[in-house]
Amino acid sequence: MILVTGATGLNGKAIVREFARQKHEARALVRDLDRASAAGLGGLAGIDLIEGDMRRADTLGAALNGIDRVLMISTAAEDMVETQCRFIDACKQAGVAHVVKFSGAESNIGYDATKFRFTRMHEEIERYLEAVGMAWTHLRPSQFMQVYLRDAPTIATEGAFYLALGDTELSPVDVEDIAKVAVRLLCDGGHEGESLDMTGPEALTMSDIAARISQAVGRPVRYVDVSPRERRRNLLAAGVPADFADALDEQLAERLRRPKSRVHLATHEMFGVRPTPFVEFARRHAAMFGG
Ligand SMILES: NC(=O)c1ccc[n+]([C@@H]2O[C@H](COP(=O)([O-])OP(=O)(O)OC[C@H]3O[C@@H](n4cnc5c(N)ncnc54)[C@H](OP(=O)(O)O)[C@@H]3O)[C@@H](O)[C@H]2O)c1
């Protein structure tokens with residue numbers, strides 16, 4: 001049996017839905033069953049929702065009972081290392097054979113991973129998992145296309161979005177592609193001891209992204225370059241906590257220093273998943289972008 005954690009989150013939900021779509025059984029770990037049902041996870045065929053807290057082994061007995069393979073996802077937050085390392089300990093204790101760690105990898109060429117705290121945390125967790133004695137695989141997507149849905153409100157109302165990336169390229173990947181890869185990887189197994197990086201199919205500047213959203217919604221959309229300070233002010237005004245804004249500042253500084261992005265589609269190809277182009281993602285979400 002397979003267990004997916006972080007099932008109420010962006011990727012966990014897409015992955016659990018993909019299991020249901022492919023009529024494959026899986027167990028999904030959630031912290032609150034009512035909240036999970038309200039989030040649209042209730043009543044999915046073949047999906048067994050089960051409560052537990054990744055940080056507390058005493059809550060995970062039923063969730064980990066009879067599990068062979070786990071996909072481990074949790075929130076990008078200050079407690080991510082503690083949460084995932086305690087969860088790895090619980091998996092080891094319960095006799096899980098293979099843990100797939102949902103990690104992350106910046107696509108910018110020459111990126112100095114030591115600066116951005118969440119990349120550093122992922123590296124620390126990867127090393128911990130590798131040393132613990134279970135089979136492991138690291139699934140390492142680049143920026144998600146869905147990150148641009150945060151900008152949907154101003155795109156819909158003003159036909160513009162405001163970031164501080166200048167001409168920096170990124171190669172965002174569609175969460176639905178990650179879900180398809182994850183389901184195949186979890187169902188078929190293998191790839192033990194491998195790190196699987198994946199990006200989207202194009203290296204895009206923010207102006208390129210504006211042009212693709214514009215094409216999808218059928219009206220002009222502009223990218224407006226603002227200063228890092230103004231971007232931070234916008235994030236805080238939108239309710240982003242200060243420590244998360246600090247982390248995004250670190251990431252922005254790194255990206256501005258490394259403006260060229262690579263495209264890495266070997267993981268898509270290995271699992272037979274067609275890489276979704278940004279314009280197709282934007283068409284799927286055209287209503288949110290005001291189309
Ligand atoms: N943003 C990007 O572009 C990007 C790119 C590559 C990789 N990543 C990485 O992707 C990961 C986040 O993926 P996501 O955006 O899909 O996640 P997300 O939407 O933030 O959801 C996180 C999930 O983890 C669950 N969770 C957190 N702590 C838990 C605990 N103690 N016990 C049980 N469940 C717990 C949350 O449950 P609740 O609903 O109960 O809170 C939620 O379901 C992070 O590790 C991030 O670094 C991000």
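Across the range 233-248, computed HN-Hα scalar couplings (Karplus, 6.51 cos²θ - 1.76 cosθ + 1.60, θ = phi - 60°) run 4, 5, 4, 5, 5, 7, x, 6, x, 4, 6, 6, 5, 4, 4, 5 Hz from first to last residue, x flagging Gly and Pro. Annotation for the range 14-85 versus the range 186-237: alpha-carbon center distance of 26 Å.
Below 13 angstrom from the Cβ of Ile125, what's the summed charge of the other residues (Lys, Arg +1; Asp, Glu -1)? Please report the intermediate quantities before stating the final value.
On the way: positive: Arg86, Lys101, Arg117, Arg120, Arg127, Arg140; negative: Asp79, Glu82, Asp89, Glu123, Glu124, Glu126, Glu130.
My count for the surroundings of Ile125 gives -1.
Summarising the strand pairing of the chain, around 5 percent of its internal DSSP beta bridges are antiparallel. Residues whose amide H falls under 5 Å from that of Ser195, counting only those 5 or more places apart or on a different chain, are His138, with hydrogens built in the peptide plane.
Among Leu265, Leu149, Leu170, the residue with the largest mean-square fluctuation in a Gaussian network model of the chain, with springs joining Cα atoms closer than 10 Å, is Leu149. Computed from backbone phi with θ = phi - 60° and the Karplus coefficients 6.51, -1.76 and 1.60, the 3J(HN,Hα) list for the range 121-133 is 4, 4, 4, 5, 5, 4, 5, 4, 4, 4, 8, 8, x Hz; x is used for glycine and proline.
Pairs of lysines in the chain whose Cα atoms sit within less than 26 Å of one another amount to 10, provided the residues are eight or more positions apart or on different chains. Under the simplified labelling scheme, the Thr75-Met270 pair shows an inter-label distance of 3.1 nm, with each label point 7 Å from Cα along Cα→Cβ.
In terms of the mean number of neighbouring beta-carbon atoms within 10 Å, the peptides 227-233, 11-17, 201-207, 157-163 order highest first as 11-17, 201-207, 157-163, 227-233.
In nm, what is the difference between 0.36 nm times the number of residues separating Arg150 and Ala45 and their Cα-Cα distance? Kindly include the intermediate steps, with their values, before the conclusion.
On the way: separation 105, 0.36 × 105 = 37.80 nm, distance 3.04 nm.
Difference between extended and current length: 34.8 nm.
Expressed as an acute angle from 0 to 90° and rounded to the nearest 10, what is the orientation of the C-alpha long axis of helix 10-21 relative to the principal long axis of the chain? Between the helix axis and the principal axis of the chain, the angle is about 60 degrees.
Run lengths n ≥ 4 of DSSP H only: what is the helix-derived mean residue ellipticity at 222 nm for the chain, with -39500 (n - 2.57) per run over all residues, to the nearest 500?
Numbers: 12 runs with 122 residues, N = 291.
About -12500 deg cm²/dmol.
To the nearest ten degrees, helix 175-188 and the longest principal axis of the Cα atoms of the chain are 20 degrees apart.
Amide H contacts of Leu163: Val224, Val226, each under 5 Å away and 5 or more positions distant or on a separate chain (H built 1.01 Å from N in the peptide plane; Pro and chain starts excluded).
Once the chain from Glu158 to Gln215 is taken as fully extended at 0.36 nm per residue, the excess over their C-alpha distance is 18.9 nm. Each peptide in 241-250, 63-72 was scored by the mean count of other Cβ atoms within 10 Å over its residues; highest first, the order is 63-72, 241-250.
Coordinate-derived values only; no laboratory data. For clarity, every value in this text was computed on a predicted model and none was experimentally measured. Please note: Cβ atoms are built from the backbone with ideal geometry, for glycine as well, and neighbour counts cover all protein chains shown.
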